[in-house]
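Asks: Before I ask anything, here is the structure I am working with.
The values are calculated or read from the model by the stated rules, or taken from the named source; none is laboratory data. Every value quoted in this text rests on a predicted model; they were computed, and no experiment measured them. For neighbour counting, all protein chains shown are included, and Cβ atoms are generated from backbone atoms with ideal geometry for every residue, glycine included. What goes into the accessible areas is simple: the full protein's heavy atoms, side chains included, and nothing from ligands, DNA or RNA. Shrake-Rupley method; radii C 1.70, N 1.55, O 1.52, S 1.80 Å.
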Amino acid sequence: MKKYTLILIAITLFLSCKTTTKKDANAKLNVVTTTTMLTDLVEDLGGDAIEVQGLMGSGVDPHLYKASEGDVSKLFNADVVFYSGLHLEGKLVEVFEKMEGNNVKTIALAEAIEKDKLIGSEYFASNYDPHIWFNIDFWKKITKYTTEELKKADPKNAALFEENSKKYLEDLEVLEADIKSVIETLPVEKRILVTAHDAFNYFGQAFGFEVVGLQGLSTATEAGVQDVQELAKFIIEKDVKAIFVESSVPKRTIEALQASVQSKGHEVAIGGTLFSDALGTRGTIEGTYAGMFRYNVNTIVNALK
Ligand SMILES: [Zn+2]
């Protein structure tokens, strides 16, 4: 709490110190992003023409992420800040609100999706499930929206952004077709995905999986003993072969679930680690949006078969 107060003081200082000095006209557009999914997207769209600084790294949980003083400085010196929104970045909302009207354009990319397409949720102040990147159609809309915002912020590079966007959208088409063909190899009755927290509802909706998360939508609330018991019963009843750990959530909850199933005389495997709210390590295939998606789907299908 004390540290947080310091950060709010730092914000106030930045606001009072930020002068209206004009940037060098040739300077690259300075973009700050929050999650690794957004960083990967904006880097692909902007290429070498822009500077992108992502606040969160691989394995970082956006629900719990708090801005450091270094982040506050990056945010207030940015030309544009792209964040996911729908209260995914629950602890950064206050910082974004303070930034409004301070020459920094903050853009919630969830705005690209029509509200009636979103899944409702009582866990978030937004009243919607924020894990929108797991629907590829949504991601295409987000790609187009981000492209338009980059063009507005940096018109001299508009043609480049447009070209990169076209290529990115074509890659998403290939990704979607590949994923569908992998999922088709898994019998419909085996399409049950049990994970540590409810990040995969949009994935389930788009690709025909029943999705059950132990922790509810946000990792801010811990799963109780009763939740574990009930989910263990469900796994036994439905004869689920495997359950999954997530890279940005401690694995003890899923291990407790496995132990609970075993205590009832049944077996369930831990099918692997899925990337839910953060991509894999930068520079690896799983460190990209498409690589993460392919890795998750292969892991899920192989373990549930
Ligand atoms: Zn989440």
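Asks: Determine whether the range 194-208 contains at least one residue that is assigned to a loop (DSSP other than H, G, I, E, B) and open to solvent by 10 Å² or more (accessible area, probe 1.4 Å).
Replies: Checked the range 194-208: at least one residue is assigned to a loop (DSSP other than H, G, I, E, B) and open to solvent by 10 Å² or more (accessible area, probe 1.4 Å).
Asks: Step by step: first the residues of the range 268-285, then only those that are open to solvent by 30 Å² or more (accessible area, probe 1.4 Å) and farther than 18 Å from residue 193 by Cβ, then the one that is farthest from the ligand (Cβ to nearest atom). Which residue is that?
Replies: Top of the filtered list is 283.
Asks: Here's a follow-up. Output the residues belonging to the range 227-251 that are assigned to a loop (DSSP other than H, G, I, E, B) and not acidic (Asp, Glu).
Replies: 238, 240, 241, 247, 248, 249, 250, 251
Asks: Condition check: touching a helix residue (DSSP H, G or I) at 6+ places or on another chain (Cβ under 6 Å) and touching a residue at least 24 places away in the same chain (Cβ under 8 Å). Does residue 88 satisfy that?
Replies: No: the conditions fail for residue 88.
Asks: What is the residue count in the range 119-137 for residues that are part of a loop (DSSP other than H, G, I, E, B) and either polar (S, T, N, Q) or open to solvent by less than 20 Å² (accessible area, probe 1.4 Å) (or both)?
Replies: Residues meeting the conditions: 8.
Asks: Quick check on the range 179-187. Is at least one of its residues closer than 27 Å to residue 124 by Cα, in contact (Cβ under 8 Å) with a residue 24 or more places away in the chain, open to solvent by less than 70 Å² (accessible area, probe 1.4 Å) and away from the ligand (no atom under 16 Å from the Cβ)?
Replies: Taking every residue of the range 179-187 in turn, none turns out to be closer than 27 Å to residue 124 by Cα, in contact (Cβ under 8 Å) with a residue 24 or more places away in the chain, open to solvent by less than 70 Å² (accessible area, probe 1.4 Å) and away from the ligand (no atom under 16 Å from the Cβ).
To keep it simple, each residue is scored yes or no on (1) closer than 29 Å to residue 166 by Cα; (2) under 19 Å from the mean Cα position of the chain (by Cα).
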site	(1), (2)
39	yes, yes
45	yes, yes
48	yes, no
81	yes, yes
97	no, no
111	yes, yes
118	yes, yes
125	no, yes
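Asks: Please find, within the range 248-267, the residue that is modelled with the lowest pLDDT out of those that are within 21 Å of the chain's Cα centre (by Cα) and open to solvent by 70 Å² or more (accessible area, probe 1.4 Å).
Replies: 250
Asks: Additional query: What's the number of the condition residue 108 fails, among (1) of a type in the set (A, V, I, L, M); (2) within 15 Å of the ligand (Cβ to nearest atom); (3) open to solvent by 10 Å² or more (accessible area, probe 1.4 Å)?
Replies: Residue 108 satisfies every listed condition except (2).
Asks: Hey, another quick one. What tally of residues in the range 98-118 results from selecting those that are farther than 26 Å from residue 78 by Cβ and either small (Gly, Ala, Ser) or part of a loop (DSSP other than H, G, I, E, B) (or both)?
Replies: 2
Asks: State which residue is farthest from residue 43 (Cα to Cα) when the search covers only the range 59-105 and only residues that are buried (at least 17 other Cβ atoms within 10 Å of the Cβ) and of a type in the set (Ser, Thr, Tyr).
Replies: 65
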